[in-house]
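The values are calculated or read from the model by the stated rules, or taken from the named source; none is laboratory data. Keep in mind that this is a model prediction, so the values were computed, not measured. We place every Cβ from the backbone using ideal geometry, glycine too, and count neighbours over all the protein chains shown. What goes into the accessible areas is simple: the full protein's heavy atoms, side chains included, and nothing from ligands, DNA or RNA. Shrake-Rupley method; radii C 1.70, N 1.55, O 1.52, S 1.80 Å.
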Amino acid sequence: MNPTPEIKLQSVKKSYQMGEITVPVLKGIDLEIYPGEITVICGASGSGKSTLLNIVGGVDRPSAGEVWFEKTDLAQLKDQQLTEYRRSHVGFVFQFYNLISTLTARENVQVSTEIVSDPIPAEEALALVGLEDQLDYFPSQMSGGQQQRVAIARALAKRPRLMLCDEPTGALDAQTGKIVLSLLIRLNQELGNTIVIITHATPIAQLAHRIVSISSGRIAKVEVNQKRLSVEEISW
Amino acid sequence: MRVLPRKLLRDLWLSREILMAIIAVIVVGTGCFVGMLSTYNNLERARSNYYSLCRMADFWVNVKKIPLTELDRVLKIPGISELQARIVFPTIVNIPQSTSPISGQVISLPSKQSSILNNIVLQRGSYFSQVKREEVIISERFAQAWKIALGSSLELIVNGQRKKFLVIATAISSEYMYLTPPGKIASLPGEYGLFYIKHDYAEEIFDFSGACNNLIGLFSRGNKEAKGAALQKIDQLLHSYGVFDTIDRERQFSHLAITSEIRGLKTSAIFLPIIFLGVAALILNVLMTRMAEQQRTIIGTLKALGYFDREIIRHFIQYGLIIGVLGALFGSLLGYIISGLMCQLYDTLFEFPRLDNLIYPQIITLAFVISIFFSLMGTLRGVRKVVLLSPSEAMRQASPTTSKEVFLEKWKTIWQGFDFRLQMVLRGLFRHKTRTIVGIIAAALGASIVLVGLGLNHSFQNIIDFQFKRVTLSDYNITLKDRASRSVLDEVSTLAGVTKVEPVLYISGTFHWGHKQKKISITGILPQATMTVPQNGDRRVIIPNSGITIPSRLADSFGIQAGDQVIFIPVEGHKKSYRLSIAQVTQSMFGLNVYANYYYLNQLLKEEHSVSKIQLKAQQTPLQRRNFYRQIKKYAQIQSVSEIAQDKKNLREQFVAKFDGVLFVMILFAGVIFFGSILNASLILILERQREIATLRVLGYHPQEIGAIFLWENLIINISGAILGLPLGYLLLQGMAIDLQNDSFSIPLSTNLFSWIGTIFFAIIFVFLAHVFVQRNINRLPWGDALKMKE
């Protein structure tokens, strides 16, 4: 029997208003994300995967449907409660890192640690991602890979149940991308976070426990990956 | 320190140039507020203390002569609580160092020092001794101007006799806080003196035993309505003794001068800061909207990380808070400096025992509240829009501004005739409408301040020119103590270098029209007078052979017009009433001058060509001038002599020259508005157009050529704004004129072509000066990096 899903989406729809036109992005998504698993959602550009991630992370609301986290339907939450959900349970990693340029690596992580009750101290979080020697570097003094590791440290320092990574290797070369992915896999193994990664690079999906393919706003396929590959074994 | 405050400090440091420009505008605004209100309080406080110290009278009654026995009757009038009799006469003082005779006023004081009304405050020496009768206490500034030492002797012409007095002390009095010779609005310290002598001795030399000619008193407290009635009763009661004038404190010259100054300060203390802080709020709004837009992804990320909206708004609000606090802090400091300088200036205009520049915590607190309020308003409006976006929306870059045509593009031939840079500029202006409008408003307000400054300067010049080039055309005016016969003209015409003389006859009295009445002096001039030329707008007024010519303000206040007849009762003579026809009503620039034909006036009073004042034209060598004054000094019946060129010079020095400093500060402050607005708009624009600038640099454009695009944009915005500021400034000036006018006089404030062109000229200068900084930023832009930026 499958364990209880961490997140359960039922008939989730999302459309955007572009002037007078309504553009449907998600057209009825049913999806379950399980605790402690790495789920990779892949699909082409414009397939709706970022929107799906945003809804799971509580930064966006569905136009219709239900998003269950434990016994709460995120779709019904008020802004304040949704913020509370993100604050306590979700860590985000973005394609372009979204670090604050005027803060150092340590301070960027502290942006996260200051709003939760029992965080991993910024220095420790940065040590976990191998940046213990770059604590006081500003983003402009770091490579893309290093910046993404700071972003990961910022996400994990909150001890989130869910780590949501939006194209975490999208802005990196393959070599650096692999370092970042190894790190995520190691954190999943060591800390047991549930990780959702969205990517348009299909080989990355081979790292996941569960692979979700999305196409034109619908789930095309969900498969449990029986033959997970290691980071060294994949290339894109 | 937590992380977000650290981010705040670093962000502030990074945008320090723009912030300093905004803070400068706030500093000037709060500086004006604190400076002017503090000066207002300083003056109000000094005046009030001075009035208490001297026991300033509530009213003055000038009478020809009344016996002291009448005082009891006056005291019985309801509403009058205290009364004091004095003998006050004009005098001529003989100062050996001065070529011209100097006029002044003799005022009697009790022989023993007591707590009298309009008391003096001794500055040097001590009060009258009981030893000598001929002792005099002289006004401090007069003594200083002529370096008159205590113990020296001074010759006064009193009641036609030369009397020598021993100078025993110098003093000041609140009654003469602003001291000028009668009929003049400005004078130099040595030009007019006050001479306090013992009352007993005054009775003797003026032949006023048991009589006086000046009553001062206090009204009973609390019954304001009764004041007018009480004065009217005094007037009626003493009518037969010849009441020249009854003046309550509101109309007393010195009080009027300081009061209008204090009132003007209060008005400026309100409207100037509103302009500056309003501009600062608008600029801050533009800046914070831009900053929030620029930090949109950061805001989105913070939201995604779980920050509440209120935490993010609080973070951005702190920008406004810091700007407001810094603005108020430096503004208060500037305000303290401004009030210090203004007190120094007022100390030269008015005479106080002390005028301290104090710090008023309540004003500074209010300045902080206002400054922070305006800053927060500007910030909140700018930030709210972005912060209230959903995190996913905030994390997306704002969609690019629409690239539809601006309306000018409809005229293809014109549009295509424009250089592509001008097209960029025009498109930018129309697409960022809010920013353009804020720039225009700031320029309009800045320009209005410049126009007010230039307008005031022009008005002062204009008033002086009007008075001395068109109305008063004599070289000397000799005022006589009493009316003399016309033979005095022949005497005066023989004085050294005198080429022409003209008589003037003054008659003081009361106009009655229905229940209304007003003390007025009628000036009788020759039909073809060449030295007093009344003006009606731009035309010379021809004085009709009969009837009187009155200014429109008097006609309006009485509700009379040409053809009506008013009753006139002269102060002197047999109290006969005369019916005078209003021959014509003219537009008078200032004052309430009523004119009549000299012969008509003499005929009316049944007098034989009486003369109150003689106007002279003279062509003199320096030797003749010295001789002229030597001869004049011998005439005991002279009340005062004024040299018109000197009067004109005094006015210029007293008002126009002092105003130059004020004008400089006003233009400087307006410059701060232009600078703040231009730097803010341009630096934001540079940030936004980094890629465009980089692309142009790659194409081989020089930084100056790129800077020219910004210069054009700023010129268009600021010249348009300055043009709109012209009518605004004009309205402000008219508002000030209304604020300055009172029952007795008005100050016409106007602008001329020079002030309008000057305002635009200054606006252009400010744009070019601000452009130096803008260009420096363009030169320093790391355009290589800008090319690599993600869109």
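Give all pairs with beta carbons closer than 8 Å in which a residue from the stretch B:1-27 that is touching a residue at least 60 places away in the same chain (Cβ under 8 Å) and facing another protein chain (nearest Cβ under 9 Å) meets a residue that is surrounded by fewer than 21 Cβ atoms within 10 Å (Cβ to Cβ) and small (G, A, S); count only pairs at least 6 apart in sequence or on separate chains.
Pairs that qualify, where the first residue is touching a residue at least 60 places away in the same chain (Cβ under 8 Å) and facing another protein chain (nearest Cβ under 9 Å) and the partner is surrounded by fewer than 21 Cβ atoms within 10 Å (Cβ to Cβ) and small (G, A, S): there are none.
Of the conditions (1) open to solvent by 30 Å² or more (accessible area, probe 1.4 Å); (2) facing chain B (nearest Cβ under 10 Å); (3) over 18 Å from A:I197 (Cβ atoms), A:D30 clears all except one; give me its number.
Of the numbered conditions (1) open to solvent by 30 Å² or more (accessible area, probe 1.4 Å); (2) facing chain B (nearest Cβ under 10 Å); (3) over 18 Å from A:I197 (Cβ atoms), the odd one out for A:D30 is (2).
If only one of B:S642, B:S682, B:S677, B:S720 is more than 24 Å from the chain's Cα centre (by Cα) and outside the structural domain of B:T436 (by TED's automatic domain parsing), which one is it?
Details: B:S682 fails: outside the structural domain of B:T436 (by TED's automatic domain parsing); B:S677 fails: outside the structural domain of B:T436 (by TED's automatic domain parsing); B:S720 fails: outside the structural domain of B:T436 (by TED's automatic domain parsing).
Every option except B:S642 fails the conditions.
Pick out, from the stretch B:399-478, the helices (runs of 4 or more DSSP H) lying fully within it that include 2 or more residues that are open to solvent by 20 Å² or more (accessible area, probe 1.4 Å), among the charged types (D, E, K, R) and free of Cβ contacts under 8 Å to residues at least 24 places away in the same chain. Spell out how you get there, then give the answer.
Values: elements: B:412-417, B:420-431, B:433-465.
Result: B:433-465.
Got a sec? Which of A:T4, A:T22 is polar (S, T, N, Q) and closer than 28 Å to A:R228 by Cβ?
Details: A:T22 fails: closer than 28 Å to A:R228 by Cβ.
Just one listed residue meets the conditions, A:T4.
Has the stretch B:155-169 got any residue that is of a type in the set (S, T, N, Q) and closer than 28 Å to B:F350 by Cβ?
If we filter the stretch B:155-169 for residues that are of a type in the set (S, T, N, Q), which is where we start, we get B:159, B:161.
Those left that are additionally closer than 28 Å to B:F350 by Cβ: none.
No, that holds for no residue.
Tell me which residues, restricted to the stretch B:482-522, are farther than 30 Å from B:G559 by Cβ and of a type in the set (A, V, I, L, M). Give the steps one after another, and end with the answer.
First, the residues of the stretch B:482-522 that are farther than 30 Å from B:G559 by Cβ: B:482-503.
B:A484, B:V488, B:L489, B:V492, B:L495, B:A496, B:V498, B:V501 - these are the residues of the stretch B:482-522 that are farther than 30 Å from B:G559 by Cβ and of a type in the set (A, V, I, L, M).
Cβ-Cβ under 6 Å, sequence separation 6+ or interchain: first residue in the stretch A:46-60 and more than 8 Å from chain B (Cβ to nearest Cβ) and under 17 Å from A:S213 (Cα atoms), partner open to solvent by less than 10 Å² (accessible area, probe 1.4 Å) and in a loop (DSSP other than H, G, I, E, B). Which pairs?
As it stands, the answer is A:G48/A:G217, since those pairs meet every condition given.
Considering only residues that are within 14 Å of another protein chain (Cβ to nearest Cβ) and in contact with a helix residue (DSSP H, G or I) (Cβ under 6 Å, 6 or more places away or on another chain), which ones fall in the stretch B:287-296? Before you say what the answer is, go through the steps one by one.
At the first step, the residues of the stretch B:287-296 found to be within 14 Å of another protein chain (Cβ to nearest Cβ) are B:291, B:294-296.
B:R296, the sole residue that qualifies.
Find the residue count for the stretch A:148-181, including only residues that are part of a helix (DSSP H, G or I), of a type in the set (V, I, T) and at pLDDT below 90.
Start the filter on the stretch A:148-181 by keeping residues that are part of a helix (DSSP H, G or I), which leaves A:148-156, A:174-181.
Applying the additional criterion that residues be of a type in the set (V, I, T) yields A:150, A:152, A:176, A:179-180.
Filter again for at pLDDT below 90, leaving A:176, A:179-180.
Residues in the stretch A:148-181 being part of a helix (DSSP H, G or I), of a type in the set (V, I, T) and at pLDDT below 90: 3 in total.
Residues to consider are B:Q704, B:Q637, B:Q654; find the one that is at pLDDT below 85, out of contact with any Cys (no Cβ under 9 Å at 6 or more places or on another chain) and open to solvent by 60 Å² or more (accessible area, probe 1.4 Å).
Working: B:Q704 fails: at pLDDT below 85; B:Q654 fails: open to solvent by 60 Å² or more (accessible area, probe 1.4 Å).
The match here is B:Q637.
Could you list, in sequence order, all residues of the stretch B:543-553 that are at pLDDT below 90 and open to solvent by 30 Å² or more (accessible area, probe 1.4 Å)? Steps first, please.
Applying the first criterion (at pLDDT below 90) to the stretch B:543-553 yields B:551-553.
Within the stretch B:543-553, B:R553 is the sole residue that qualifies.
Every residue in the stretch A:179-236 that is of a type in the set (S, T, N, Q) and more than 25 Å from A:G28 (Cα to Cα), please. Show your work before the answer.
Kept after step one, since they are of a type in the set (S, T, N, Q), are these residues of the stretch A:179-236: A:182, A:188-189, A:193-194, A:199, A:202, A:206, A:213, A:215-216, A:225-226, A:230, A:235.
Listed by number, the residues that qualify are A:S182, A:N188, A:Q189, A:N193, A:Q206, A:Q226, A:S230, A:S235.
Go through (1) aromatic (F, W, Y); (2) over 20 Å from B:S100 (Cα atoms); (3) in contact (Cβ under 8 Å) with a residue 60 or more places away in the chain one by one and return the number of the condition B:W513 breaks.
Status for B:W513: all satisfied but (3).
Take B:Y307 and decide whether it is open to solvent by less than 40 Å² (accessible area, probe 1.4 Å), over 26 Å from A:Q81 (Cβ atoms) and more than 30 Å from the chain's Cα centre (by Cα).
Values: open to solvent by less than 40 Å² (accessible area, probe 1.4 Å): yes; over 26 Å from A:Q81 (Cβ atoms): no; more than 30 Å from the chain's Cα centre (by Cα): yes.
Against the criterion (open to solvent by less than 40 Å² (accessible area, probe 1.4 Å), over 26 Å from A:Q81 (Cβ atoms) and more than 30 Å from the chain's Cα centre (by Cα)), B:Y307 does not qualify.
Within the stretch B:297-311, is even one residue within 14 Å of another protein chain (Cβ to nearest Cβ), in contact with a strand residue (DSSP E or B) (Cβ under 9 Å, 6 or more places away or on another chain) and without any contact (Cβ under 8 Å) to a residue 24 or more places away in the chain? Please lay out each step first, then the result.
The first filter runs over the stretch B:297-311 and keeps only residues within 14 Å of another protein chain (Cβ to nearest Cβ), leaving B:297-311.
Remaining after also requiring in contact with a strand residue (DSSP E or B) (Cβ under 9 Å, 6 or more places away or on another chain): B:301, B:304-306.
Add one more test, that the residue is without any contact (Cβ under 8 Å) to a residue 24 or more places away in the chain, and what stays is B:305-306.
Yes.
Residues that are of a type in the set (F, W, Y), at least 3 per element: which helices (runs of 4 or more DSSP H) completely within the stretch B:668-785 meet that?
Working: elements: B:690-698, B:703-740, B:753-780.
Per the criteria, B:703-740, B:753-780.
Restricting to the stretch A:89-123, count the residues that are without any contact (Cβ under 8 Å) to a residue 40 or more places away in the chain, hydroxyl-bearing (S, T, Y) and open to solvent by less than 50 Å² (accessible area, probe 1.4 Å).
Count: 2.
Do you know which residues across the stretch A:209-236 are among the polar types (S, T, N, Q) and either under 17 Å from A:I38 (Cβ atoms) or open to solvent by 70 Å² or more (accessible area, probe 1.4 Å) (or both)? Don't jump to the end; show me each part of the working.
Residues of the stretch A:209-236 that are among the polar types (S, T, N, Q), as a first pass: A:213, A:215-216, A:225-226, A:230, A:235.
Result: A:S213, A:S216, A:N225, A:Q226, A:S230, A:S235.
Which ones in the stretch A:143-193 are within 13 Å of chain B (Cβ to nearest Cβ), open to solvent by 20 Å² or more (accessible area, probe 1.4 Å) and hydrophobic (A, V, I, L, M, F, W, C)?
Across the stretch A:143-193, the qualifying residue is only A:A171.
For the stretch B:252-277, enumerate the residues that are polar (S, T, N, Q), open to solvent by 10 Å² or more (accessible area, probe 1.4 Å) and over 14 Å from the mean Cα position of the chain (by Cα).
Residues of the stretch B:252-277 that are polar (S, T, N, Q), as a first pass: B:252, B:254, B:259-260, B:267-268.
This time we only want the ones that are open to solvent by 10 Å² or more (accessible area, probe 1.4 Å), so: B:252, B:259-260, B:267-268.
Within the stretch B:252-277, B:Q252 is the sole residue that qualifies.
Of the residues B:I148, B:I172, only one is hydrophobic (A, V, I, L, M, F, W, C), in contact with a helix residue (DSSP H, G or I) (Cβ under 6 Å, 6 or more places away or on another chain) and more than 22 Å from B:F206 (Cβ to Cβ); which?
On the way: B:I148 fails: in contact with a helix residue (DSSP H, G or I) (Cβ under 6 Å, 6 or more places away or on another chain).
Residue meeting the stated conditions: B:I172.
Scan (1) out of contact with any Gly (no Cβ under 7 Å at 6 or more places or on another chain); (2) open to solvent by less than 40 Å² (accessible area, probe 1.4 Å) for the single condition B:G320 breaks and write down its number.
Looking at each condition in turn, B:G320 falls short on (1).
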